[in-house]
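Reading through the structure tokens given below for one structure.
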Amino acid sequence: PKARGWKKLMAYVGPGFLVAIAYMDPGNFESDLQAGAQFKYELLWVLLLATVSGALIQSLAANLGVVTEKHLAQHCRLEYPPKVNLVLWFLAEIAIVASDIPEVIGTAYALNMLFGLQLWIGVVLTGLSTLLFLALQQYGIRKLEIFISILVFTIASCFFVEMFNARPSPVELMKGLFIPRLSGNGAAGIAISLFGAMVMPHNLFLHSALVLTRSTPQTMEGIRDGCRYNLIECCFALLVSFAINLAVVAVSGAVCSDSQLSVDDADRCSNLDLNRASFLLKHVLGSWSGVLFGIALLASGQSSTITGTFAGQYVMQGFLELRFEQWIRNLLTRCVAIVPSLVVALLGGSSGAGQLIIISSMILSFELPFALIPLLKFTSNPGKMGPHVNHRKVTILTWVIGSSIILVNLFYLASNFIKWLQRSRLRRLHIALLGIAGFLALLAYALLAAYLAFRKDNEGTYRLSSSVEEEQDGFVDKESVVVN
């Protein structure tokens, strides 16, 4: 407890990097590749904004667990009525399934690259990844994390080398990072998918629970140190993920905008997905580009399975007080994710599967407010956080971020739904019925977000230990240790 510097920081290293693995999953790679291929560097500012927002929001999730010794799902169960609690649990489960879809398709792409299997066969075989997950976990979760991270960082290193060879314009990169633009058809959808692929709702539940694996002393100094070191570790882990995603966008943008691009490569860029992206590394890896990209993609999908499984376990335990074996939890989530992936793979092929990854990332962005708003409310509540409550500036900034996400999602949903109705060839009666149903769904979305935002919290959970009270007052009343 009295250690300082690197020694103490290393005791806290782990949760942030496990959370950051989800920032480097196939869904992120897919969104990055399409953003670079279609809009070059124009959407890099979204990537930067998402990473900064993610670091801030993830630090709040870590603080909630450190201070209260309860994770976000447990707080929701204690705070909200049973019906609202059930709705939030259902939305959290949908988010976990949506995050698992890119892992299913990414694994299928990897099997296609490595063994030439058809996409739908690869989707079916991804159910066996549960067995692989269990086999590797027998050697210890930390060894498993290190093994998979090495493979993921291998492909990241290749993209860094390829970015050096592609020589993207530094001026254009800076403009893309710091000048917001949404020009061109489909830019808003890709931007939302980028943000959704970076800030994931299930990661908020996961991070607030993972910090509980560290024995943080429940004293004023111990809690402050826990929050500080978790913030440092989280920021560094997300900085690494940002560099990797930046390299993927830069390589995709530089290669696909090259005036000397061959006809075949130009065709790949026009419809770029994970299954056709290995050609981006051919200048570094030559004929081995497809093999190594497939291995790393397989590793990326399986590493993200870990975070999804853990998040699902904490969500189910927190909301419903149920606990399954990890292999059962993983199998259930994977089976649900396989169904839409298999249908799209059979009907739409590689192109349809790539679009499904983008859609799943957008679903994550749409569902983010229902995990983010409770987190902001709880960490801004003195009854839950005591003296470790959010600073006023942090509260204002995080609420601005959350409100912006909700407004953008509502606008994007409404505008695209109206365009779809206008282009459809349905009868007027059917269009009217669909319009009413869509309007009611958007209204329910807004009302639930408003309920979570403006409802007054009732449950005070902050507890002072005797050592904390001694630090504050020099005296402890053993019969009054609960502060509401």
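The values are calculated or read from the model by the stated rules, or taken from the named source; none is laboratory data. Computed from a prediction, not measured in an experiment: that's the story for all the values here. Virtual Cβ from ideal backbone geometry, glycine too; neighbours counted across all protein chains shown. For the accessible areas, the whole protein counts, side chains as well, though only heavy atoms, and no ligand, DNA or RNA atoms are used. Shrake-Rupley method; radii C 1.70, N 1.55, O 1.52, S 1.80 Å.
Report yes if residue 72 is out of contact with any Cys (no Cβ under 9 Å at 6 or more places or on another chain) and at pLDDT 90 or above, otherwise no.
Yes.
Please go through the range 164-174 and give me each residue that is at pLDDT below 85 and assigned to a loop (DSSP other than H, G, I, E, B), ordered by number.
167
Report yes if residue 407 is open to solvent by 30 Å² or more (accessible area, probe 1.4 Å), closer than 27 Å to residue 60 by Cα and at pLDDT below 85, otherwise no.
In short, yes.
What are the pairs with Cβ atoms under 7 angstrom where one residue, in the range 402-423, is over 17 Å from residue 444 (Cβ atoms) and the other, located anywhere, is open to solvent by 30 Å² or more (accessible area, probe 1.4 Å) and in a helix (DSSP H, G or I)? Sequence gap at least six, or different chains.
Taking only residues 6 or more apart or on different chains, the pairs are 421/431; 421/434.
Taking the range 164-181 as the search range and keeping residues that are surrounded by fewer than 12 Cβ atoms within 10 Å (Cβ to Cβ) and among the hydrophobic types (A, V, I, L, M, F, W, C), which one is nearest to residue 256 (Cα to Cα)?
So the residue we want is 171.
Pick from 443, 397, 413, 429: which is more than 23 Å from residue 367 (Cβ to Cβ) and assigned to a helix (DSSP H, G or I)?
429
When you scan the range 30-37, do you find a residue that is open to solvent by 10 Å² or more (accessible area, probe 1.4 Å), part of a helix (DSSP H, G or I) and under 30 Å from residue 174 (Cα atoms), even just one?
The answer is yes, given that some residue of the range 30-37 is open to solvent by 10 Å² or more (accessible area, probe 1.4 Å), part of a helix (DSSP H, G or I) and under 30 Å from residue 174 (Cα atoms).
Which of (1) open to solvent by less than 50 Å² (accessible area, probe 1.4 Å); (2) in a helix (DSSP H, G or I); (3) modelled with pLDDT of 75 or more is the odd one out, the single condition residue 161 does not satisfy?
Result: residue 161 fails condition (1) only.
Filter the range 373-386 down to the residues that are at pLDDT 90 or above, assigned to a helix (DSSP H, G or I) and either of a type in the set (Gly, Ala, Ser) or within 12 Å of the chain's Cα centre (by Cα) (or both) and list them by number.
Listed by number, the list is empty, since nothing qualifies.
I need the full set of residues from the range 86-121 which are in contact with a Phe, Trp or Tyr (Cβ under 7 Å, 6 or more places away or on another chain) and open to solvent by 30 Å² or more (accessible area, probe 1.4 Å), in order please.
89, 91, 113
In this structure, is residue 240 surrounded by fewer than 20 Cβ atoms within 10 Å (Cβ to Cβ) and under 18 Å from the mean Cα position of the chain (by Cα)?
yes
Where residues in the range 411-444 are of a type in the set (Phe, Trp, Tyr) and out of contact with any helix residue (DSSP H, G or I) (no Cβ under 7 Å at 6 or more places or on another chain), which of them is nearest to residue 381 (Cα to Cα)?
In this case the residue turns out to be 411.
If you go through the range 315-323 one residue at a time, do you hit one that is in contact with a His (Cβ under 9 Å, 6 or more places away or on another chain), β-branched (Val, Ile, Thr) and part of a helix (DSSP H, G or I)?
yes
Within the range 263-275, track down each residue that is closer than 16 Å to residue 248 by Cα, open to solvent by 30 Å² or more (accessible area, probe 1.4 Å) and at pLDDT 80 or above.
Of everything in the range 263-275, just one residue is closer than 16 Å to residue 248 by Cα, open to solvent by 30 Å² or more (accessible area, probe 1.4 Å) and at pLDDT 80 or above, namely 268.
Residue-wise test of (1) hydrophobic (A, V, I, L, M, F, W, C); (2) more than 24 Å from residue 21 (Cα to Cα).
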| residue | (1), (2) |
| --- | --- |
| 172 | no, yes |
| 181 | no, yes |
| 184 | no, yes |
| 195 | yes, no |
| 200 | yes, no |
| 204 | yes, no |
| 207 | no, no |
| 232 | yes, no |
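Any residue at all in the range 315-325 that is touching a helix residue (DSSP H, G or I) at 6+ places or on another chain (Cβ under 8 Å) and over 21 Å from residue 87 (Cα atoms)?
The answer is no, given that none of the residues of the range 315-325 is touching a helix residue (DSSP H, G or I) at 6+ places or on another chain (Cβ under 8 Å) and over 21 Å from residue 87 (Cα atoms).
Which one of the conditions (1) in contact with a Gly (Cβ under 6 Å, 6 or more places away or on another chain); (2) open to solvent by less than 30 Å² (accessible area, probe 1.4 Å) does residue 370 fail to meet, given that it meets all the rest?
With respect to (1) in contact with a Gly (Cβ under 6 Å, 6 or more places away or on another chain); (2) open to solvent by less than 30 Å² (accessible area, probe 1.4 Å), residue 370 is out only on (1).
Conditions (1) open to solvent by 20 Å² or more (accessible area, probe 1.4 Å); (2) over 26 Å from residue 374 (Cα atoms); (3) not aromatic (Phe, Trp, Tyr), marked per residue:
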position	(1), (2), (3)
244	no, yes, yes
257	yes, yes, yes
261	yes, yes, yes
287	yes, yes, yes
307	no, no, yes
317	yes, no, yes
328	yes, yes, yes
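All but one of (1) more than 17 Å from residue 247 (Cβ to Cβ); (2) in a loop (DSSP other than H, G, I, E, B); (3) not hydrophobic (A, V, I, L, M, F, W, C) hold for residue 77; which doesn't?
The one condition residue 77 does not meet is (2).
Any idea how many residues of the range 345-358 are within 21 Å of residue 37 (Cβ to Cβ) and in contact (Cβ under 8 Å) with a residue 60 or more places away in the chain?
Residues meeting the conditions: 8.
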